[in-house]
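The values are calculated or read from the model by the stated rules, or taken from the named source; none is laboratory data. These numbers were taken from a predicted model, which means no experiment stands behind them. Methodologically, a virtual Cβ is constructed for each residue, glycine included, from the backbone with ideal geometry; neighbour enumeration extends over all protein chains shown. Heads up: the accessible areas ignore ligands, DNA and RNA and are worked out on the full protein's heavy atoms, side chains in. Shrake-Rupley method; radii C 1.70, N 1.55, O 1.52, S 1.80 Å.
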Amino acid sequence: MARPKDKPKMIQRPRGTHDVLPPEQPIWEAVRKTIRELSRFYGFERIETPHFEMTDLFTTGVGEATDIVTKQMYSFKTRGGDQLTLRPEGTAPVARAFIEHGMMNWPQPIKVFYDGSFFRHENPQRGRYREFHQWGLEVLGDDGAVADAEVIHVFTLFLREWGFKDFIVEVNSIGCPACRAPFRAQLTQYYRSKVRGLCKDCKERFKENPLRLLDCTEEKCMQVKKGAPQLLDKLCEACRSHFKLLLEFLEELQIPYALNPHLVRGLDYYTRTVFEAYVDEPIKPSAEPISPEAVVPEEKSADEEAPAPVEAPKLEDKSPRRLAVFGGGRYDNLVELVGGKSTPACGGALGLERFIALVREAGRAPAEEKPNVFLVQLGELARKKSFRIMEELRAAGITMAESLGRDSIRSQLKVGDRVGALYALIIGQKEALDEMVILREMSSGIQETIPRSRLVDTLKRKLKT
Ligand code: AMP
């Protein structure tokens, strides 16, 4: 007896990824338009780098002992034997491109922006994905605090442009290798007697990179952190005046900022300035949690490591109502670290998923654009003539929609209504033969028959009023 075929298994998107469906496109497009305009106005030119790089770029650039490198990279070996990694961040690739294309010989500084996908194997939770999008700004070849200030300024202008006023930029200086060496010794001294009470990661950090002990958000480690020495008090003269100047710029630009002497950020390449900005989530009691699809139910696939429980909505942010939206800093040693000449640089990145979730929560998502005209055709001849009419409208800048696959006038008008078109353009067999068209105002139902040759002019006139 023939066995009934098994129903094919439905394949879902990988955990921590998301689709951007057609109804969500207007907001993504509008946000990207602001990104392009702001970046270009402030002199940042677009750069695109590959989605994957040689793994060494990140182990060397971002740092062997960082969370990104030890836990979060998607790395793989190619058939040719190359060891590659899906880019977890954009700064090291920009530094690599800077060196590879001899950009140090171009007029300095080099100011670039990017907008693309990044990949980190994190625990998906509210606002945290495994593939996410960032808008990045980088300035290479400028050691002045003005460059740090400009990067922060452009990101905050972006927040303001979208109506966010309740944000705070936390800033700190983690100095240069010269002031960091004695501080590291002091920090180690402070933590030595307290290591046993720290989390597992911090026990590692103590051995590998004590500075990153200050980065931990585990409750027990935060308690210990409170009494830790602060680098800000021990900066060398050059780092101190650089930081002072940055704060003066922030004040002049009226950027709300707060000193956070424990802010170090997770990457090894930072020197001097580090910053991280938070936006207050709009308070809407009945609102859905931010990005509900980010909290994907745990479904273990074969390649999953130890099961991670679905965590309660909680970010690395310190309060449930604060969302980290952009962060960055100065990275004066990175270019040299990945094989170039010593080049001062700074930059930052803003998370688009989080930002777009905030825009939605605040009810500021732009509505879908409505077409000016909906084309309704009846009969084969009219359908054949439709494409030419559509081209005439396109050339005249009149937006339109159609449903060429449908036959009945009623069902086509229904679609026209649903997409919110202002006018219906109806062509039946008779109109097609006579070179005429019927123009119907959707709101009133009033219609007139006009020669096709006058269609564009008539529409232009009507749409202006
Ligand atoms: P980072 O590159 O870690 O400094 O992050 C800069 C910004 O990117 C953060 O403030 C977030 O807004 C966003 N971001 C970082 N990691 C993720 C992630 N896994 N999912 C979504 N957004 C992220």
Rounded to 10°, Cα long-axis angle of helix 237-252 versus longest principal axis of the chain | 30 degrees
In whole angstrom, largest first, the equivalent ellipsoid semi-axes that the Cα gyration tensor gives for region 1-84 are 35, 28, 12
Contour minus Cα-Cα distance for residue 458 and residue 195 (0.36 nm per residue) | 86.8 nm
R0 of 35 Å, Cβ-Cβ distance residue 367-residue 248: FRET efficiency to nearest 0.05 = 0.25
Surrounding charge for residue 422, neighbours by C-beta under 14 angstrom, Lys/Arg +1, Asp/Glu -1, total +4
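Looking at region 373-464, send over the antiparallel percent of its DSSP beta bridges, to the nearest 5.
Numbers: 9 of 17 bridges.
For region 373-464, the DSSP antiparallel bridge percentage is about 55.
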Along Cα→Cβ, 7 Å out, is where each label goes; now give me the distance between the ones at residue 341 and residue 100 in nm to one decimal.
-> 2.1 nm
Would you calculate the separation in nanometres between label points at residue 387 and residue 434, each defined as 7 Å from the Cα along the Cα-to-beta-carbon direction?
-> 2.7 nm
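So for each of 151-157, 39-45 I average, over its residues, the number of other beta carbons within 10 Å; can you give me the resulting order with the highest mean first? Write down the numbers at each step before the final one.
Numbers: 151-157: 22.3, 39-45: 15.1.
Most protected by this proxy first, the peptides run 151-157, 39-45.
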Once the piece of chain linking residue 234 and residue 25 is laid out straight, how much longer is it, given 0.36 nm per residue of separation minus the C-alpha distance between them?
-> 70.4 nm
Under 15 Å from the Cβ of residue 344, count the other residues' Cβ atoms, weight Lys and Arg +1, Asp and Glu -1, and hand me the total.
-> -3
Can you tell me how much longer the chain between residue 48 and residue 447 gets when fully stretched, taken as 0.36 nm per residue apart minus their C-alpha distance, in nm with one decimal?
-> 138.6 nm
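Counting only helical runs of four or more DSSP H residues, what would the 222 nm mean residue ellipticity of the chain come to if each run contributes -39,500 (n - 2.57) and the total is spread over all its residues?
Working: 14 runs with 156 residues, N = 465.
Roughly -10000 deg cm²/dmol at 222 nm, from the helical runs in the chain.
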Members of 33/384; 200/244; 7/77; 111/234; 385/462; 165/225 lying beyond 26 Å, as alpha-carbon distances in this model show | 33/384; 200/244; 7/77; 111/234; 165/225
Peptides 341-354, 17-30: what's the order by average Cβ count within 10 Å, highest mean first?
-> 341-354, 17-30
Can you put 321, 96 in order of accessible area, largest first, using a 1.4 Å probe?
-> 321, 96
Backbone HN-Hα couplings from phi across region 389-406 [Karplus 6.51/-1.76/1.60, Hz, Gly and Pro as x] | 5, 4, 5, 4, 5, 4, 4, 8, x, 9, 7, 8, 9, 8, 9, 4, x, 8
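Might you tell me the accessible area per residue for the chain, computed with a 1.4 Å probe and given in Å²? Before the final figure, lay out the partial values.
Values: 24110 Å² over 465 residues.
It amounts to 52 Å² per residue over the chain.
With the convex hull built on the Cα atoms of region 1-155, state its orientation-averaged projected area in nm².
Values: hull surface 58.8 nm².
Approximately 14.7 nm², given one-decimal rounding.
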Tell me, what ³J(HN,Hα) does each residue in region 28-34 have, in order and in whole Hz, if you take phi through Karplus 6.51 cos²θ - 1.76 cosθ + 1.60 with θ = phi - 60° and put x for Gly and Pro?
-> 4, 5, 5, 5, 5, 5, 4
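If we count every other residue with Cβ under 11 angstrom of residue 264's Cβ, Lys/Arg +1 and Asp/Glu -1, where does the sum land?
Values: positive: 180, 205, 212, 225, 265; negative: 215, 268, 276.
Computed value for this residue: +2.
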Hey, can you rank 373-384, 267-278 by average C-beta count inside 10 Å, highest first?
-> 267-278, 373-384
Euclidean distance of C-alpha centroids, region 174-214 and region 390-438, integer Å | 69 Å
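Could you work out the relative contact order of the chain, using alpha carbon pairs under 8 angstrom and six or more residues apart, expressed as a whole percent?
Values: 760 pairs, mean separation 75.0, N = 465.
With pairs under 8 Å counted, the relative contact order is 16 percent.
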The chain - Rg (one decimal) and Dmax (whole number), Cα, Å = 28.0, 94
Region 106-113 - phi-based ³J(HN,Hα) in whole Hz, Karplus 6.51/-1.76/1.60, Gly and Pro as x | 7, x, 9, x, 8, 10, 10, 10
Once amide H atoms are built 1.01 Å from N in the peptide plane, which residues 5 or more positions from residue 437, or in another chain, come under 5 Å H to H?
-> 450, 452
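What per residue convex hull volume, in Å³, comes out for region 373-464 when only alpha-carbon positions are used?
With only Cα atoms used, region 373-464 gives 86 Å³ per residue.
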